[in-house]
Amino acid sequence: MKFFIDTANLAQIKEAYELGILDGVTTNPTLMAKEGIKGTEAIAAHYKAICEMVDGPVSAEVLGTTYADMVEEGKKLAQIHENIVVKIPMTKDGIKAIKWFTDNGIRTNCTLVFSAGQAILAAKAGATYVSPFIGRIDDSNWDGVQLIEQIVSIYNAQGFMTEVLAASIRTPMHIVRCAEAGADVCTCPLSSILGLLKHPLTDLGLQQFIADAKSLQS
Ligand code: G3P
């Protein structure tokens, strides 16, 4: 399973990259707004900076909602850097735009996916990635990971090439369960990635080893 980081924060991207386990980055308009990025030029410069930090796919989301706007905007985003993947919302116009990008050799990430039916449409349109939002499904009292399992099973049965990118990850356990469910990619906040490191028995064991190592030296 590939690890992407779900942020537009350059310091967090750097920290995850330096761990040596980062395969890519996803962003969205909310994450860009959090960083105070405003205006077309600043947005393009920020995506370029991210692409220069990480050697892997960087999802950049269109802001328009019509087919024409998404295609126009996505073409410009794709020109920023070869690693840009155009992120398109799951709407009727979005599906048409994904098909256009597929036909023109531009990679896409279909976002805001909450059902298996939507995931089938994204795959039919040739999306490179489909992004089910598992944390938001959990928020509405359903099991987000069950949707990952269902989509993985459908894609395997049908031979769809679209990669299942589990998004809206909130906890380290989400990452573990998505790995178990067969997700191709997990896009995670830095806190969830770092959370995977933690186990109290590791801390206790290390304290003991450090103490015993000192006694070996004296
Ligand atoms: O990748 C989608 C993600 O950013 C949404 O996460 O926590 O806002 O549901 P969240």
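Values in this text are rule-based calculations from the coordinates and carry no lab data. This is a predicted model, so every value here is computed, not measured. Here Cβ is always computed from backbone atoms with ideal geometry, including for glycine, and neighbour counts include all displayed protein chains.
Can you tell me the orientation of helix 200-217 relative to the chain, as the angle in degrees between its alpha-carbon axis and the longest Cα principal axis, to the nearest 10?
40
Test of understanding: extend the Cα→C-beta vector of Q207 to 7 Å, then name every residue of the range 165-199 with backbone N under 13 Å from that spot.
Within reach of a label on Q207, which here means backbone N under 13 Å from a point 7 Å along Cα→Cβ, the range 165-199 contributes nothing.
Just how large is the dipole of the range 11-115 about the Cα centre, in debye to the nearest 20, putting +1 at every Lys and Arg Cβ and -1 at every Asp and Glu Cβ?
Numbers: 11 positive and 14 negative charges, 65 e Å.
The dipole magnitude comes to about 320 debye.
Per q in 0.16 Å⁻¹, report the Debye log10 I(q)/I(0) for the chain, using one uniform scatterer on each alpha carbon and no solvent.
-1.05
Just want the ordering: L22, L31, L206, L165, from fewest to most Cβ atoms lying within 10 Å of their own Cβ. Before the final figure, lay out the partial values.
On the way: L22 22, L31 17, L206 10, L165 30.
Least to most surrounded, the residues fall as L206, L31, L22, L165.
Evaluate the charge dipole of the chain about its Cα centre and quote only its size in Debye, nearest 20, assuming +1 on the Cβ of each Lys and Arg and -1 on the Cβ of each Asp and Glu.
Details: 18 positive and 24 negative charges, 55 e Å.
That gives the chain a dipole magnitude of about 260 debye.
Holding the Cα-Cα limit at 24 Å, pick out from K2/K198; K76/K96; K2/K92 the pairs that are longer than that. Don't jump to the answer; show the numbers that get you there.
Working: K2/K198 20 Å; K76/K96 17 Å; K2/K92 29 Å.
Too far apart for the 24 Å limit: K2/K92.
Sort the range 32-120 into rounded, prolate or oblate with this rule: let a ≥ b ≥ c be the square roots of the eigenvalues of the Cα gyration tensor; rounded if a/c is under 1.5, and if a/c is not under 1.5, prolate when a/b is larger than b/c, oblate otherwise. Walk me through the numbers on the way to the answer.
Details: a/c = 1.64, a/b = 1.56, b/c = 1.05.
Taking the square roots of the gyration eigenvalues as a ≥ b ≥ c, the range 32-120 is prolate.
What value does the range 111-218 have for Rg/Rh, both radii from Cα atoms and Rh as Kirkwood defines it?
Details: Rg = 19.0 Å, Rh = 15.5 Å.
That ratio equals 1.23.
With labels modelled as points extended 7 Å from the Cα through the Cβ direction, what inter-label distance (nm, one decimal) is found for K198 paired with E82?
With each label point 7 Å from Cα toward Cβ, the separation is 4.0 nm.
How far is helix 172-181 tilted off the main Cα axis of the chain, in degrees rounded to 10, range 0 to 90?
Tilt of helix 172-181: around 60 degrees.
Which listed residue (S59, I88, T162) has the Cα farthest towards the positive end of the charge dipole for the chain, taking +1 on Lys and Arg C-beta and -1 on Asp and Glu C-beta about the Cα centre?
After comparing all options, I get I88.
What do you get when you divide the Cα radius of gyration of the range 43-82 by 2.2 N^0.38 Å, with N the number of residues? It would help to have the intermediate numbers written out before the result.
Working: Rg = 10.6 Å, N = 40, 2.2 N^0.38 = 8.9 Å.
Against the empirical 2.2 N^0.38 Å value, I get 1.19 for the range 43-82.
In the range 100-150, if the dipole is taken from +1 on Lys/Arg beta carbons and -1 on Asp/Glu beta carbons about the Cα centre, which of T111, F133, W100 is farthest to the positive end?
Towards the positive end, the residue furthest out is W100.
Relative contact order (percent) for the chain, with alpha-carbon contacts under 8 angstrom and 6 or more residues of separation?
Details: 375 pairs, mean separation 36.1, N = 218.
So the answer I get is 17 percent.
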